[in-house]
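The values are calculated or read from the model by the stated rules, or taken from the named source; none is laboratory data. Keep in mind the model is a prediction, meaning the values are calculated, not measured. Here the Cβ positions follow ideal geometry from the backbone for every residue, glycine too, while neighbour counts run over all protein chains shown.
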Amino acid sequence: MDKLLIEGGTPLAGEIAISGAKNAALPILCASLLSSEPLHLTNVPRLKDISTMLRLLEQMGVAVEDLGADGLVLNSRGLNNPLAPYDMVKTMRASILVLGPLLARHGEARVSLPGGCAIGARPVEQHIKGLQAMGAEVFVEHGYIQARARGKGGLTGARIVTDMVTVTGTENLMMAAVLAKGETIIENAAREPEVVDLANCLVSMGAQIAGAGTARIRIQGVERLHGARHAIMADRIETGTYLCAAAATGGNIRLTNTAAANLDAVIDKLFDSGCELLIERTAITLQAPPRLKAVSIRTSPYPAFPTDMQAQFMAVNCVAEGSAVIRETIFENRFMHAVELIRLGADIKIDASNAMVTGVDHLDGATVMATDLRASASLVIAGLVAQGETVIERIYHLDRGYERIEEKLGQLGARVKRIR
Ligand code: EPZ
């Protein structure tokens, strides 16, 4: 398994471009199942999770054409196998996002139930409850979700109130509703920018959606969707990760092809820690202060502070002045990175969903292990700060969500090498 070797101590400097967003691209790739016409997607990040999703769609009969820099064209005219097998779903939970579109377009679906994950149990009962409200027959058998739209006319619009804000739950139900008879209202919907990007893509395919980005989304079902061209939004979590890396190393960087508007909560906290930020329409420049101030955070659904930035900000607080409390409210087991950061000399005390971080003068390089995608990003940040060498094992987690990370860090002056 590949490892990452980092020689720490270099303040990051320079400019890099941000990639397309993994968490927007994954549901949008599944939207291709909703029409028999071609969907041309640009700014698709080249990531392990994207390749997994493409393989999943291809085995269903979706044609995928890779146009290199000009993106991907997907066409599900040949859709003939509405199945998401366990072997694929177990490697990527987001595979659940085929359920809604398959049911809406094909009238049936067989999708392996995603198992647990390092950061939490992550059940999907809200997805199922919503589809049942739209008239689907859904049951779990032999580890598979079996779903069938009752009756010839397919799904029927409904008012759905989810028990908690769920991002992929909202996305799955929105995709199911665009071809359902009548109107669907999703209450307590997720407001994440990735949900809005999916809605924009669906509208460009002919869907009728109002209120994406708010807690109430209205979808008027239509007969069919047509082909379209859509550019995937910039990755706000990748953006936030590089900003945290620059802050922690005392650096000065400019990120292009990004959008600060989707990162308010993170940018506010970086300001509070003493960073100077210059915000342009599609670029962000960060200048770190001589010493950061510790900043407390509490994760919550958008537009509050994203749970996918919690680990990276913990690494920032490890070398800041003073103490801070990090409260994780979304996932029940998302502090796995803390024990690894402690191996690098950090001072962190965990109490259930709270972590008390007290800044130290310096971190010392060591060998650490990545446990999930964002945990691995926090170890990269800590390794860039630490004195001496840090070796990060199991970086397959990192490759799931960060495109060409060692190349981009190298462009910013970091000494990072992949050990195959
Ligand atoms: C999405 O996961 C993201 N993944 C996650 O990013 C992100 O952490 C999460 O949203 C929260 O922002 C993708 O978009 C592919 P949820 P999702 O349903 O949709 C509970 C990353 O690092 N819940 O919003 O799976 C659930 O257990 C990944 O890129 C139920 O109980 O998250 C969690 O505690 C990690 N029942 C909470 O709701 C359900 O039916 C929010 O989960 C659904 C969710």
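Here are some notes:
- Restricting the range 83-132 to residues that are closer than 19 Å to residue 24 by Cα and among the small types (Gly, Ala, Ser), the residue that is farthest from the ligand (Cβ to nearest atom): 100
- Candidate set from the range 85-118 (those that are surrounded by fewer than 16 Cβ atoms within 10 Å (Cβ to Cβ) and in contact (Cβ under 8 Å) with a residue 40 or more places away in the chain); member that is nearest to residue 62 (Cα to Cα): 108
- Hits in the range 147-189 (condition: in contact with a Pro (Cβ under 6 Å, 6 or more places away or on another chain), crowded, with 24+ Cβ neighbours inside 10 Å and hydrophobic (A, V, I, L, M, F, W, C)): 175
- Checking each residue in the range 206-225 for being within 14 Å of residue 27 (Cβ to Cβ) and over 23 Å from the mean Cα position of the chain (by Cα) picks out only 207.
- In this structure, residue 277 does satisfy being over 20 Å from the mean Cα position of the chain (by Cα), modelled with pLDDT of 95 or more and not aromatic (Phe, Trp, Tyr).
- Taking (1) at pLDDT 95 or above; (2) out of contact with any Ser or Thr (no Cβ under 7 Å at 6 or more places or on another chain); (3) surrounded by fewer than 19 Cβ atoms within 10 Å (Cβ to Cβ) in turn, residue 127 satisfies each apart from (3).
- Inspection of the range 24-32 identifies no residue that is more than 16 Å from the ligand (Cβ to nearest atom), surrounded by fewer than 24 Cβ atoms within 10 Å (Cβ to Cβ) and either modelled with pLDDT of 95 or more or on the phi < 0 side of the Ramachandran plot (or both).
- Subset of the range 322-349 [loosely packed, with under 15 Cβ neighbours inside 10 Å and assigned to a strand (DSSP E or B)]: 323, 347, 349
- Selection status of residue 104, within 24 Å of residue 228 (Cβ to Cβ) and aliphatic (A, V, I, L, M): yes
- Taken over the range 112-167, the criterion of being over 16 Å from residue 99 (Cβ atoms) and of a type in the set (Val, Ile, Thr) is satisfied by 119, 156, 161, 165.
- The residue of the range 46-82 that is surrounded by the most Cβ atoms within 10 Å (Cβ to Cβ), among those that are more than 16 Å from the ligand (Cβ to nearest atom) and closer than 15 Å to residue 110 by Cα, is 82.
- Candidates 307, 371, 299, 390, filtered to the one that is β-branched (Val, Ile, Thr), closer than 16 Å to residue 245 by Cα and buried (at least 16 other Cβ atoms within 10 Å of the Cβ): 390
- Matching entry among 235, 272, 268, 264 (being within 30 Å of residue 416 (Cβ to Cβ), charged (D, E, K, R) and surrounded by 17 or more Cβ atoms within 10 Å (Cβ to Cβ)): 235
- Residue 102, sole failed condition from (1) in a helix (DSSP H, G or I); (2) within 26 Å of residue 308 (Cβ to Cβ): (2)
Yes or no, residue by residue, for (1) more than 16 Å from the ligand (Cβ to nearest atom); (2) touching a strand residue (DSSP E or B) at 6+ places or on another chain (Cβ under 9 Å); (3) not charged (D, E, K, R):
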residue: 149; (1), (2), (3): yes, yes, yes
residue: 154; (1), (2), (3): yes, yes, yes
residue: 157; (1), (2), (3): yes, yes, yes
residue: 160; (1), (2), (3): no, yes, yes
residue: 165; (1), (2), (3): no, no, yes
residue: 170; (1), (2), (3): no, yes, yes
residue: 175; (1), (2), (3): no, no, yes
residue: 180; (1), (2), (3): yes, yes, yes
residue: 184; (1), (2), (3): yes, yes, yes
